[in-house]
Amino acid sequence: MFSQHRRNFQSRDSVFSEGSEEPSASLFYSVPTLPTEAEIHESIALQPSRYEVEEEQENEPDTAFLSEHSPMGYSNKQTAAEIYLDVPPTPTVKVSDNTLSEGLLPTVTIPLIQLSGATHRKYKDTAFAVLFCMGLIIMAIVGIVLLFITNSHELKDYSRKSVFFVIKNSIGPLLFAIIFSLSMGAIWILLLRSFVKIMIWGTLTAVPFICIAIFIWIRVEAFSGALRESGKPDPQDDALAMLSFIPLIISIVYSIILFSRRKKIEKTISLIQLACDIFKDNPQMLWVSLKILTVYVSFTLIWLYLFSHIFLVVYKMQTEYKLEPNTYLLVPYFIFMYLWTSAVLCNIQRVTISGIVSNWYFYRHELDRNASKKVADLALSRAITVSFGTVCLDGLILLFIQLVQYITGFLKKIFFLNCLLSFLTCIDGIIDKLNNYILIYVGISGNNFCTSAYTTTKLFRRNLVFGHVNDSIDKSILYIGSVIIALLCGFATFIYATHLLESSYGYVVGIIAAIIPYYISQFYTYIMMNTVDATFICYTIDLDSNTNHCNKAHEAFH
(Lines give C-alpha, C1' and ligand atoms only; values in the text may rest on other atoms or scores of the structure.)
Protein backbone atom coordinates (compact mmCIF):
# COMPACT_ATOMS: atom_id res chain seq x y z
CA MET A 1 0.00 0.00 0.00
CA PHE A 2 2.72 2.45 1.02
CA SER A 3 4.78 1.63 -2.07
CA GLN A 4 1.73 2.31 -4.21
CA HIS A 5 1.21 5.68 -2.48
CA ARG A 6 4.90 6.48 -2.94
CA ARG A 7 4.66 5.77 -6.69
CA ASN A 8 1.56 7.94 -6.96
CA PHE A 9 3.21 10.83 -5.14
CA GLN A 10 6.39 10.47 -7.23
CA SER A 11 4.37 10.55 -10.44
CA ARG A 12 2.57 13.69 -9.28
CA ASP A 13 5.86 15.30 -8.22
CA SER A 14 7.20 14.68 -11.70
CA VAL A 15 4.17 16.43 -13.17
CA PHE A 16 4.76 19.46 -10.95
CA SER A 17 8.45 19.53 -11.81
CA GLU A 18 7.71 19.65 -15.55
CA GLY A 19 5.83 22.92 -15.57
CA SER A 20 3.21 23.28 -12.81
CA GLU A 21 3.55 25.42 -9.69
CA GLU A 22 4.24 23.68 -6.38
CA PRO A 23 1.26 23.29 -4.03
CA SER A 24 0.95 25.75 -1.14
CA ALA A 25 2.79 24.71 2.04
CA SER A 26 1.63 25.05 5.64
CA LEU A 27 3.80 26.57 8.33
CA PHE A 28 4.41 23.18 9.97
CA TYR A 29 3.96 20.62 7.24
CA SER A 30 3.27 20.41 3.51
CA VAL A 31 -0.16 19.28 2.33
CA PRO A 32 0.16 16.48 -0.27
CA THR A 33 -2.21 15.92 -3.14
CA LEU A 34 -5.18 13.77 -2.13
CA PRO A 35 -5.20 10.22 -3.52
CA THR A 36 -8.05 8.84 -5.59
CA GLU A 37 -11.24 7.43 -4.11
CA ALA A 38 -10.20 3.84 -4.79
CA GLU A 39 -6.92 4.41 -2.97
CA ILE A 40 -8.81 5.91 0.00
CA HIS A 41 -11.03 2.83 0.38
CA GLU A 42 -8.03 0.52 0.06
CA SER A 43 -6.15 2.53 2.72
CA ILE A 44 -9.09 2.39 5.11
CA ALA A 45 -9.56 -1.35 4.64
CA LEU A 46 -5.93 -2.09 5.45
CA GLN A 47 -5.76 0.17 8.55
CA PRO A 48 -5.90 -1.44 12.02
CA SER A 49 -8.84 -0.93 14.41
CA ARG A 50 -9.20 2.55 15.99
CA TYR A 51 -9.73 1.30 19.48
CA GLU A 52 -7.60 -1.05 21.52
CA VAL A 53 -8.34 -2.40 24.99
CA GLU A 54 -5.37 -2.38 27.34
CA GLU A 55 -4.75 -5.33 29.63
CA GLU A 56 -5.35 -4.95 33.33
CA GLN A 57 -2.27 -3.63 35.16
CA GLU A 58 -0.88 -6.07 37.73
CA ASN A 59 0.46 -3.35 40.05
CA GLU A 60 -2.92 -1.58 40.19
CA PRO A 61 -5.41 -4.25 41.25
CA ASP A 62 -8.14 -1.76 42.17
CA THR A 63 -8.39 -0.03 38.76
CA ALA A 64 -8.65 -1.04 35.15
CA PHE A 65 -8.51 1.19 32.16
CA LEU A 66 -10.05 1.17 28.74
CA SER A 67 -7.63 3.12 26.54
CA GLU A 68 -9.07 4.60 23.42
CA HIS A 69 -6.51 5.82 20.90
CA SER A 70 -7.69 8.50 18.53
CA PRO A 71 -5.77 8.84 15.27
CA MET A 72 -5.20 12.58 15.39
CA GLY A 73 -3.10 12.54 12.27
CA TYR A 74 -6.29 12.43 10.22
CA SER A 75 -8.10 15.45 8.87
CA ASN A 76 -11.87 15.54 9.19
CA LYS A 77 -14.25 18.11 7.72
CA GLN A 78 -17.17 17.30 10.00
CA THR A 79 -18.48 19.67 12.62
CA ALA A 80 -18.17 18.91 16.34
CA ALA A 81 -21.86 18.02 16.56
CA GLU A 82 -21.56 15.53 13.69
CA ILE A 83 -18.53 13.91 15.25
CA TYR A 84 -19.99 13.40 18.73
CA LEU A 85 -23.67 12.69 18.00
CA ASP A 86 -23.30 9.27 16.40
CA VAL A 87 -23.16 10.55 12.80
CA PRO A 88 -21.18 8.16 10.58
CA PRO A 89 -17.80 9.74 9.86
CA THR A 90 -16.64 10.59 6.37
CA PRO A 91 -13.55 8.85 4.98
CA THR A 92 -10.39 10.44 6.34
CA VAL A 93 -7.03 10.87 4.71
CA LYS A 94 -3.71 10.82 6.49
CA VAL A 95 -1.96 14.11 5.91
CA SER A 96 1.50 13.55 7.33
CA ASP A 97 3.42 11.28 9.65
CA ASN A 98 4.78 14.20 11.67
CA THR A 99 2.22 16.97 12.14
CA LEU A 100 1.74 19.52 14.86
CA SER A 101 -1.71 18.23 15.87
CA GLU A 102 -0.59 14.68 16.66
CA GLY A 103 0.96 15.64 20.00
CA LEU A 104 -1.97 17.64 21.30
CA LEU A 105 -4.37 14.83 22.19
CA PRO A 106 -2.60 11.96 23.94
CA THR A 107 -4.40 8.78 24.88
CA VAL A 108 -7.08 9.29 27.55
CA THR A 109 -7.77 6.42 29.92
CA ILE A 110 -11.28 5.69 31.17
CA PRO A 111 -11.12 4.09 34.63
CA LEU A 112 -13.37 1.42 36.08
CA ILE A 113 -13.86 0.75 39.77
CA GLN A 114 -13.06 -2.93 40.22
CA LEU A 115 -15.75 -5.00 41.90
CA SER A 116 -13.26 -7.52 43.19
CA GLY A 117 -11.49 -6.80 46.42
CA ALA A 118 -8.01 -5.35 46.21
CA THR A 119 -5.33 -6.22 48.70
CA HIS A 120 -2.77 -3.58 47.72
CA ARG A 121 -3.60 0.09 47.36
CA LYS A 122 -1.36 3.08 47.03
CA TYR A 123 -2.66 5.95 49.17
CA LYS A 124 -2.56 9.47 47.73
CA ASP A 125 -1.44 12.67 49.49
CA THR A 126 -1.04 10.83 52.79
CA ALA A 127 0.68 13.79 54.52
CA PHE A 128 -2.54 15.80 54.52
CA ALA A 129 -4.57 12.84 55.78
CA VAL A 130 -2.16 12.50 58.69
CA LEU A 131 -2.32 16.25 59.34
CA PHE A 132 -6.13 16.21 59.40
CA CYS A 133 -6.29 13.20 61.72
CA MET A 134 -3.79 14.80 64.09
CA GLY A 135 -5.89 17.96 64.16
CA LEU A 136 -9.01 15.98 65.03
CA ILE A 137 -7.20 14.02 67.74
CA ILE A 138 -5.82 17.21 69.33
CA MET A 139 -9.28 18.79 69.29
CA ALA A 140 -10.81 15.69 70.89
CA ILE A 141 -8.13 15.58 73.61
CA VAL A 142 -8.57 19.29 74.41
CA GLY A 143 -12.34 18.84 74.50
CA ILE A 144 -12.15 15.90 76.91
CA VAL A 145 -9.79 17.86 79.15
CA LEU A 146 -12.25 20.77 79.16
CA LEU A 147 -15.02 18.45 80.30
CA PHE A 148 -12.96 17.41 83.35
CA ILE A 149 -11.69 20.86 84.38
CA THR A 150 -14.94 22.81 83.97
CA ASN A 151 -18.19 22.68 85.89
CA SER A 152 -21.12 24.84 84.90
CA HIS A 153 -22.87 24.31 88.27
CA GLU A 154 -20.06 26.03 90.13
CA LEU A 155 -20.34 29.09 87.90
CA LYS A 156 -24.07 29.67 87.94
CA ASP A 157 -23.86 33.45 88.09
CA TYR A 158 -21.33 33.61 85.28
CA SER A 159 -22.76 30.87 83.10
CA ARG A 160 -26.08 32.68 82.79
CA LYS A 161 -24.32 35.54 80.99
CA SER A 162 -21.78 33.55 79.00
CA VAL A 163 -21.64 31.98 75.55
CA PHE A 164 -22.06 28.61 77.26
CA PHE A 165 -25.41 29.73 78.61
CA VAL A 166 -26.76 30.97 75.27
CA ILE A 167 -25.61 27.82 73.42
CA LYS A 168 -27.05 25.53 76.11
CA ASN A 169 -30.40 27.32 76.17
CA SER A 170 -30.56 27.53 72.37
CA ILE A 171 -30.33 23.76 71.89
CA GLY A 172 -34.05 23.68 71.01
CA PRO A 173 -33.79 26.15 68.09
CA LEU A 174 -30.52 24.53 66.96
CA LEU A 175 -32.10 21.07 66.86
CA PHE A 176 -35.10 22.53 65.04
CA ALA A 177 -32.73 24.08 62.47
CA ILE A 178 -31.07 20.69 61.94
CA ILE A 179 -34.39 18.84 61.57
CA PHE A 180 -35.82 21.60 59.34
CA SER A 181 -32.86 21.55 56.96
CA LEU A 182 -32.87 17.74 56.86
CA SER A 183 -36.58 17.52 56.03
CA MET A 184 -36.61 20.40 53.53
CA GLY A 185 -33.61 18.99 51.70
CA ALA A 186 -35.18 15.53 51.47
CA ILE A 187 -38.51 16.92 50.23
CA TRP A 188 -36.76 19.15 47.69
CA ILE A 189 -34.64 16.42 46.11
CA LEU A 190 -37.53 13.93 45.96
CA LEU A 191 -39.77 16.48 44.24
CA LEU A 192 -36.96 17.56 41.92
CA ARG A 193 -36.43 13.95 40.92
CA SER A 194 -40.02 13.69 39.65
CA PHE A 195 -40.91 17.27 38.63
CA VAL A 196 -37.78 18.93 37.27
CA LYS A 197 -39.23 21.79 35.23
CA ILE A 198 -41.90 22.66 37.79
CA MET A 199 -39.35 22.77 40.63
CA ILE A 200 -36.81 24.81 38.64
CA TRP A 201 -39.31 27.41 37.46
CA GLY A 202 -40.93 27.45 40.89
CA THR A 203 -37.53 28.15 42.46
CA LEU A 204 -36.75 30.90 39.97
CA THR A 205 -40.10 32.55 40.67
CA ALA A 206 -40.24 32.10 44.44
CA VAL A 207 -36.69 33.05 45.48
CA PRO A 208 -37.04 36.86 45.07
CA PHE A 209 -40.36 36.90 46.95
CA ILE A 210 -39.01 34.71 49.77
CA CYS A 211 -35.96 36.97 50.17
CA ILE A 212 -38.15 40.09 50.30
CA ALA A 213 -40.39 38.42 52.91
CA ILE A 214 -37.31 37.58 55.04
CA PHE A 215 -36.14 41.20 54.71
CA ILE A 216 -39.47 42.59 55.96
CA TRP A 217 -39.66 40.07 58.82
CA ILE A 218 -36.14 40.87 60.07
CA ARG A 219 -36.74 44.62 59.87
CA VAL A 220 -39.87 44.27 61.99
CA GLU A 221 -38.08 42.14 64.58
CA ALA A 222 -35.10 44.51 64.70
CA PHE A 223 -37.28 47.46 65.70
CA SER A 224 -39.48 45.51 68.12
CA GLY A 225 -36.72 44.57 70.55
CA ALA A 226 -36.72 45.76 74.16
CA LEU A 227 -34.83 48.93 75.03
CA ARG A 228 -31.92 48.97 77.45
CA GLU A 229 -31.97 50.74 80.83
CA SER A 230 -30.41 53.77 79.16
CA GLY A 231 -33.38 54.01 76.81
CA LYS A 232 -31.32 53.03 73.77
CA PRO A 233 -31.95 49.92 71.65
CA ASP A 234 -29.77 46.85 71.99
CA PRO A 235 -26.69 47.06 69.71
CA GLN A 236 -27.56 43.60 68.46
CA ASP A 237 -30.90 44.95 67.19
CA ASP A 238 -29.01 47.65 65.30
CA ALA A 239 -26.79 44.97 63.80
CA LEU A 240 -29.89 42.92 62.94
CA ALA A 241 -31.37 45.92 61.14
CA MET A 242 -28.21 46.23 59.05
CA LEU A 243 -28.06 42.49 58.34
CA SER A 244 -31.66 42.55 57.15
CA PHE A 245 -30.45 44.01 53.84
CA ILE A 246 -28.60 40.77 53.03
CA PRO A 247 -31.70 38.90 51.74
CA LEU A 248 -32.82 42.03 49.88
CA ILE A 249 -29.45 42.32 48.12
CA ILE A 250 -29.54 38.58 47.34
CA SER A 251 -32.99 39.01 45.79
CA ILE A 252 -31.85 41.88 43.57
CA VAL A 253 -28.57 40.29 42.48
CA TYR A 254 -30.21 36.92 41.87
CA SER A 255 -32.90 38.51 39.70
CA ILE A 256 -30.32 40.47 37.68
CA ILE A 257 -28.14 37.40 37.08
CA LEU A 258 -31.06 35.25 35.98
CA PHE A 259 -32.48 37.98 33.73
CA SER A 260 -29.11 38.54 32.05
CA ARG A 261 -28.73 34.78 31.49
CA ARG A 262 -32.37 33.95 30.84
CA LYS A 263 -31.47 32.33 27.50
CA LYS A 264 -29.45 29.70 29.36
CA ILE A 265 -32.33 28.60 31.62
CA GLU A 266 -33.58 25.97 29.18
CA LYS A 267 -30.09 24.51 28.89
CA THR A 268 -29.81 24.51 32.68
CA ILE A 269 -33.10 22.62 32.92
CA SER A 270 -31.79 20.02 30.47
CA LEU A 271 -28.61 19.59 32.55
CA ILE A 272 -30.56 19.14 35.78
CA GLN A 273 -32.96 16.78 33.97
CA LEU A 274 -29.95 14.71 32.91
CA ALA A 275 -28.68 14.67 36.51
CA CYS A 276 -32.10 13.53 37.72
CA ASP A 277 -32.14 10.71 35.15
CA ILE A 278 -28.73 9.54 36.37
CA PHE A 279 -29.97 9.84 39.95
CA LYS A 280 -32.95 7.62 39.12
CA ASP A 281 -30.63 4.97 37.72
CA ASN A 282 -28.34 5.26 40.77
CA PRO A 283 -30.54 5.76 43.86
CA GLN A 284 -27.64 4.55 46.01
CA MET A 285 -26.20 8.07 45.68
CA LEU A 286 -28.90 9.23 48.12
CA TRP A 287 -28.12 6.50 50.67
CA VAL A 288 -24.40 7.19 50.50
CA SER A 289 -25.09 10.89 51.04
CA LEU A 290 -27.33 10.10 54.00
CA LYS A 291 -24.54 8.02 55.59
CA ILE A 292 -22.13 10.94 55.27
CA LEU A 293 -24.81 13.33 56.50
CA THR A 294 -25.35 11.18 59.61
CA VAL A 295 -21.65 11.42 60.38
CA TYR A 296 -21.79 15.19 59.92
CA VAL A 297 -24.79 15.70 62.23
CA SER A 298 -23.20 13.49 64.92
CA PHE A 299 -19.91 15.36 64.65
CA THR A 300 -21.73 18.69 64.87
CA LEU A 301 -23.55 17.80 68.08
CA ILE A 302 -20.33 16.57 69.72
CA TRP A 303 -18.46 19.65 68.53
CA LEU A 304 -21.13 21.99 69.92
CA TYR A 305 -20.93 20.35 73.33
CA LEU A 306 -17.14 20.59 73.49
CA PHE A 307 -17.01 24.08 71.99
CA SER A 308 -19.42 25.50 74.58
CA HIS A 309 -17.15 24.36 77.42
CA ILE A 310 -14.33 26.57 76.18
CA PHE A 311 -16.18 29.56 77.61
CA LEU A 312 -16.21 28.03 81.10
CA VAL A 313 -12.43 28.31 81.45
CA VAL A 314 -12.50 31.56 83.44
CA TYR A 315 -10.91 33.24 86.40
CA LYS A 316 -12.56 35.57 88.90
CA MET A 317 -11.35 39.16 89.00
CA GLN A 318 -13.01 41.02 91.88
CA THR A 319 -16.71 40.51 91.17
CA GLU A 320 -16.43 39.59 87.49
CA TYR A 321 -15.43 36.46 85.64
CA LYS A 322 -13.11 36.69 82.66
CA LEU A 323 -11.91 34.12 80.16
CA GLU A 324 -8.38 32.84 80.48
CA PRO A 325 -6.13 34.58 77.89
CA ASN A 326 -5.02 31.29 76.33
CA THR A 327 -8.63 30.24 75.89
CA TYR A 328 -9.09 32.68 73.03
CA LEU A 329 -6.67 30.59 70.95
CA LEU A 330 -8.91 27.56 71.28
CA VAL A 331 -11.90 29.32 69.73
CA PRO A 332 -10.39 29.84 66.22
CA TYR A 333 -8.80 26.39 66.37
CA PHE A 334 -12.13 24.67 67.08
CA ILE A 335 -13.86 26.73 64.38
CA PHE A 336 -11.09 25.93 61.87
CA MET A 337 -11.31 22.20 62.56
CA TYR A 338 -15.10 22.29 62.27
CA LEU A 339 -14.97 24.02 58.88
CA TRP A 340 -12.18 21.73 57.66
CA THR A 341 -14.10 18.62 58.75
CA SER A 342 -17.25 19.90 57.05
CA ALA A 343 -15.29 20.49 53.84
CA VAL A 344 -13.72 17.01 54.08
CA LEU A 345 -17.13 15.34 54.46
CA CYS A 346 -18.50 17.30 51.50
CA ASN A 347 -15.47 16.28 49.46
CA ILE A 348 -15.95 12.62 50.40
CA GLN A 349 -19.47 12.89 49.02
CA ARG A 350 -18.17 14.56 45.84
CA VAL A 351 -15.51 11.89 45.23
CA THR A 352 -18.00 9.08 45.88
CA ILE A 353 -20.68 10.47 43.57
CA SER A 354 -18.15 11.13 40.79
CA GLY A 355 -17.02 7.50 40.99
CA ILE A 356 -20.62 6.28 40.76
CA VAL A 357 -21.45 8.58 37.85
CA SER A 358 -18.31 7.70 35.88
CA ASN A 359 -19.02 3.97 36.16
CA TRP A 360 -22.61 4.58 35.05
CA TYR A 361 -21.47 6.79 32.18
CA PHE A 362 -18.87 4.46 30.71
CA TYR A 363 -19.97 0.98 31.84
CA ARG A 364 -23.73 1.06 32.49
CA HIS A 365 -24.35 -1.45 29.68
CA GLU A 366 -21.73 -3.84 31.04
CA LEU A 367 -22.67 -3.92 34.75
CA ASP A 368 -25.80 -5.56 36.12
CA ARG A 369 -27.95 -4.02 38.87
CA ASN A 370 -26.21 -5.87 41.71
CA ALA A 371 -22.80 -4.78 40.45
CA SER A 372 -23.92 -1.14 40.21
CA LYS A 373 -25.00 -1.28 43.86
CA LYS A 374 -21.58 -2.50 44.89
CA VAL A 375 -19.96 0.38 42.99
CA ALA A 376 -21.42 2.89 45.49
CA ASP A 377 -19.87 1.13 48.48
CA LEU A 378 -16.54 0.70 46.68
CA ALA A 379 -16.50 4.35 45.61
CA LEU A 380 -17.15 5.42 49.21
CA SER A 381 -14.45 3.06 50.44
CA ARG A 382 -11.94 4.54 48.01
CA ALA A 383 -12.88 8.07 49.05
CA ILE A 384 -12.17 7.40 52.74
CA THR A 385 -9.03 5.32 52.16
CA VAL A 386 -7.00 5.73 48.97
CA SER A 387 -8.15 9.27 48.16
CA PHE A 388 -8.64 10.49 51.74
CA GLY A 389 -5.42 12.53 51.71
CA THR A 390 -6.48 14.24 48.49
CA VAL A 391 -9.89 14.95 50.03
CA CYS A 392 -8.23 16.61 53.04
CA LEU A 393 -5.90 18.66 50.82
CA ASP A 394 -8.80 19.90 48.72
CA GLY A 395 -10.72 20.84 51.87
CA LEU A 396 -7.73 22.86 53.04
CA ILE A 397 -7.57 24.65 49.69
CA LEU A 398 -11.29 25.38 49.94
CA LEU A 399 -10.77 26.99 53.35
CA PHE A 400 -7.91 29.05 51.90
CA ILE A 401 -10.18 30.27 49.10
CA GLN A 402 -12.85 31.30 51.60
CA LEU A 403 -10.22 33.05 53.73
CA VAL A 404 -8.95 35.01 50.71
CA GLN A 405 -12.50 36.03 49.84
CA TYR A 406 -13.07 37.16 53.42
CA ILE A 407 -9.84 39.20 53.54
CA THR A 408 -10.32 40.85 50.15
CA GLY A 409 -13.81 41.87 51.17
CA PHE A 410 -12.35 43.97 54.01
CA LEU A 411 -9.37 45.35 52.08
CA LYS A 412 -11.25 46.65 49.04
CA LYS A 413 -11.54 50.09 50.61
CA ILE A 414 -7.75 50.60 50.64
CA PHE A 415 -6.82 52.31 47.37
CA PHE A 416 -3.19 51.27 46.96
CA LEU A 417 -4.11 47.60 47.36
CA ASN A 418 -6.52 47.57 44.41
CA CYS A 419 -3.98 46.00 42.03
CA LEU A 420 -3.08 43.29 44.53
CA LEU A 421 -6.74 42.62 45.29
CA SER A 422 -7.58 42.35 41.59
CA PHE A 423 -4.79 39.80 41.17
CA LEU A 424 -5.91 37.82 44.23
CA THR A 425 -9.54 37.91 43.08
CA CYS A 426 -8.56 36.60 39.62
CA ILE A 427 -6.43 33.78 41.04
CA ASP A 428 -9.11 33.00 43.63
CA GLY A 429 -11.79 32.76 40.94
CA ILE A 430 -9.75 30.41 38.76
CA ILE A 431 -8.88 28.12 41.68
CA ASP A 432 -12.45 28.14 42.94
CA LYS A 433 -13.86 27.10 39.56
CA LEU A 434 -11.27 24.40 38.92
CA ASN A 435 -11.22 23.04 42.47
CA ASN A 436 -14.49 21.14 42.19
CA TYR A 437 -13.61 19.63 38.83
CA ILE A 438 -10.21 18.53 40.06
CA LEU A 439 -11.80 16.60 42.90
CA ILE A 440 -14.35 15.15 40.49
CA TYR A 441 -11.51 13.78 38.40
CA VAL A 442 -9.93 12.39 41.58
CA GLY A 443 -13.12 10.38 42.12
CA ILE A 444 -13.07 9.19 38.51
CA SER A 445 -9.39 8.27 38.19
CA GLY A 446 -8.17 7.75 41.76
CA ASN A 447 -5.10 9.91 41.06
CA ASN A 448 -3.53 12.35 43.49
CA PHE A 449 -4.38 16.05 43.56
CA CYS A 450 -1.52 17.38 41.40
CA THR A 451 -1.98 14.77 38.67
CA SER A 452 -5.74 15.36 38.61
CA ALA A 453 -5.25 19.13 38.47
CA TYR A 454 -2.84 18.80 35.55
CA THR A 455 -5.11 16.42 33.64
CA THR A 456 -8.27 18.45 34.26
CA THR A 457 -6.78 21.73 33.07
CA LYS A 458 -5.42 20.03 29.94
CA LEU A 459 -8.82 18.46 29.26
CA PHE A 460 -10.45 21.89 29.39
CA ARG A 461 -7.75 23.58 27.33
CA ARG A 462 -7.51 20.89 24.65
CA ASN A 463 -11.25 20.66 24.10
CA LEU A 464 -12.09 24.35 24.58
CA VAL A 465 -14.90 23.62 27.04
CA PHE A 466 -13.98 26.01 29.86
CA GLY A 467 -16.76 28.33 28.73
CA HIS A 468 -19.34 25.99 30.27
CA VAL A 469 -17.59 26.33 33.63
CA ASN A 470 -17.97 30.12 33.51
CA ASP A 471 -21.39 30.45 31.88
CA SER A 472 -23.43 27.72 33.52
CA ILE A 473 -26.13 28.87 35.96
CA ASP A 474 -27.23 25.43 37.14
CA LYS A 475 -25.15 25.81 40.31
CA SER A 476 -26.73 29.18 41.07
CA ILE A 477 -30.21 27.68 40.90
CA LEU A 478 -29.27 24.71 43.08
CA TYR A 479 -27.12 26.75 45.45
CA ILE A 480 -29.71 29.38 46.35
CA GLY A 481 -31.85 26.90 48.30
CA SER A 482 -29.07 26.24 50.82
CA VAL A 483 -28.53 30.00 51.24
CA ILE A 484 -32.20 30.68 51.99
CA ILE A 485 -32.42 27.85 54.54
CA ALA A 486 -29.25 29.11 56.23
CA LEU A 487 -30.60 32.68 56.40
CA LEU A 488 -33.94 31.55 57.85
CA CYS A 489 -32.40 29.37 60.56
CA GLY A 490 -29.62 31.82 61.39
CA PHE A 491 -31.82 34.88 61.78
CA ALA A 492 -34.53 32.96 63.65
CA THR A 493 -32.02 31.67 66.22
CA PHE A 494 -30.37 35.09 66.48
CA ILE A 495 -33.73 36.73 67.27
CA TYR A 496 -34.61 33.99 69.75
CA ALA A 497 -31.35 34.38 71.71
CA THR A 498 -31.46 38.19 71.64
CA HIS A 499 -35.12 38.85 72.43
CA LEU A 500 -36.25 35.84 74.47
CA LEU A 501 -33.00 34.89 76.24
CA GLU A 502 -31.88 38.54 76.40
CA SER A 503 -28.31 37.42 75.82
CA SER A 504 -25.58 39.70 74.52
CA TYR A 505 -24.11 36.72 72.62
CA GLY A 506 -27.10 36.01 70.40
CA TYR A 507 -24.98 36.55 67.29
CA VAL A 508 -22.83 33.53 68.26
CA VAL A 509 -25.68 31.04 68.10
CA GLY A 510 -27.04 32.90 65.08
CA ILE A 511 -23.84 32.19 63.16
CA ILE A 512 -23.78 28.57 64.34
CA ALA A 513 -27.45 28.11 63.40
CA ALA A 514 -26.70 29.43 59.90
CA ILE A 515 -23.59 27.34 59.24
CA ILE A 516 -25.02 23.97 60.32
CA PRO A 517 -28.21 24.04 58.13
CA TYR A 518 -26.14 25.43 55.28
CA TYR A 519 -23.87 22.40 55.22
CA ILE A 520 -26.74 19.98 55.86
CA SER A 521 -28.83 21.30 52.96
CA GLN A 522 -25.75 21.29 50.73
CA PHE A 523 -25.46 17.53 51.12
CA TYR A 524 -28.72 17.25 49.19
CA THR A 525 -27.79 19.98 46.72
CA TYR A 526 -24.41 18.39 46.08
CA ILE A 527 -26.10 15.23 44.81
CA MET A 528 -27.33 17.19 41.79
CA MET A 529 -24.33 19.53 41.48
CA ASN A 530 -21.76 16.74 41.68
CA THR A 531 -23.72 14.63 39.22
CA VAL A 532 -23.72 17.47 36.69
CA ASP A 533 -20.00 18.15 37.25
CA ALA A 534 -19.04 14.47 37.02
CA THR A 535 -21.07 14.05 33.83
CA PHE A 536 -19.36 17.13 32.39
CA ILE A 537 -15.89 15.68 33.07
CA CYS A 538 -16.95 12.38 31.49
CA TYR A 539 -18.20 14.37 28.51
CA THR A 540 -14.80 16.08 28.12
CA ILE A 541 -13.13 12.65 28.27
CA ASP A 542 -15.44 11.60 25.44
CA LEU A 543 -14.39 14.65 23.44
CA ASP A 544 -10.76 13.96 24.17
CA SER A 545 -10.98 10.35 23.01
CA ASN A 546 -13.37 11.07 20.12
CA THR A 547 -16.07 8.75 21.49
CA ASN A 548 -19.69 9.02 22.59
CA HIS A 549 -20.82 7.00 25.61
CA CYS A 550 -23.99 9.03 26.34
CA ASN A 551 -26.03 10.84 23.69
CA LYS A 552 -28.03 12.80 26.28
CA ALA A 553 -24.87 14.22 27.82
CA HIS A 554 -23.50 15.31 24.45
CA GLU A 555 -26.79 16.97 23.56
CA ALA A 556 -27.02 18.72 26.96
CA PHE A 557 -23.46 20.07 27.01
CA HIS A 558 -23.18 20.79 23.28
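Summary table below
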{"item": "Heavy atoms of residue 374: accessible area, 1.4 Å probe, square angstrom to 10", "result": "120 Å²"}
{"item": "Overall Cα dimensions of segment 126-557 - principal axes, largest extent first, Å", "result": "77, 50, 46"}
{"item": "³J(HN,Hα) computed for each position of segment 171-178 - Karplus, 6.51 cos²θ - 1.76 cosθ + 1.60, integer Hz, glycine/proline x", "result": "4, x, x, 5, 5, 5, 5, 5"}
{"item": "With all protein chains modelled, accessible area of residue 549 [1.4 Å, Å²]", "result": "40 Å²"}
{"item": "Potential lengthening between residue 511 and residue 457 on full extension [0.36 nm per residue; Cα-Cα distance subtracted]", "result": "15.8 nm"}
{"item": "For segment 126-557, accessible area per residue (1.4 Å probe, heavy atoms of protein chains only), Å²", "result": "47 Å²"}
{"item": "Using a Förster distance of 35 Å, the FRET efficiency for residue 140-residue 328 (Cβ separation, nearest 0.05)", "result": "0.95"}
{"item": "Residue-by-residue Karplus 3J(HN,Hα) for segment 481-489, coefficients 6.51, -1.76, 1.60, Hz, glycine and proline x", "result": "x, 5, 5, 5, 4, 5, 5, 4, 5"}
{"item": "Hz values of 3J(HN,Hα) by residue in segment 358-365 - Karplus curve (6.51, -1.76, 1.60), Gly and Pro given as x", "result": "5, 5, 5, 5, 8, 10, 5, 7"}
{"item": "Virtual paramagnetic centre 7 Å along Cα→Cβ of residue 377, amide N under 17 Å, in segment 269-295", "result": "283-292"}
{"item": "Pairwise label distance in nanometres, residue 365 with residue 552, each label 7 Å out on the Cα-Cβ vector", "result": "1.6 nm"}
{"item": "Residue 338 accessible area, 1.4 Å probe, all protein chains in place, Å² to nearest 10", "result": "10 Å²"}
{"item": "Estimated FRET transfer efficiency (residue 266, residue 122; beta-carbon r; R0 56 Å; 0.05)", "result": "0.80"}
{"item": "Surface share of carbon and sulfur [accessible, 1.4 angstrom probe, percent] for segment 126-557", "result": "68 percent"}
{"item": "Nearest-0.05 FRET efficiency for residue 187 and residue 502, computed from C-beta distance (R0 35 Å)", "result": "0.50"}
{"item": "Residue order for 439, 191 - accessible surface, 1.4 angstrom probe, largest first", "result": "191, 439"}
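The values are calculated or read from the model by the stated rules, or taken from the named source; none is laboratory data. What you see is a predicted model; the values in this text were computed from it and never measured. Quick reminder, even Gly has a Cβ in these numbers, built from the backbone with ideal geometry, and neighbours come from all protein chains shown. These accessible areas exclude ligands, DNA and RNA; they are computed on the full protein's heavy atoms, side chains included. Shrake-Rupley method; radii C 1.70, N 1.55, O 1.52, S 1.80 Å.
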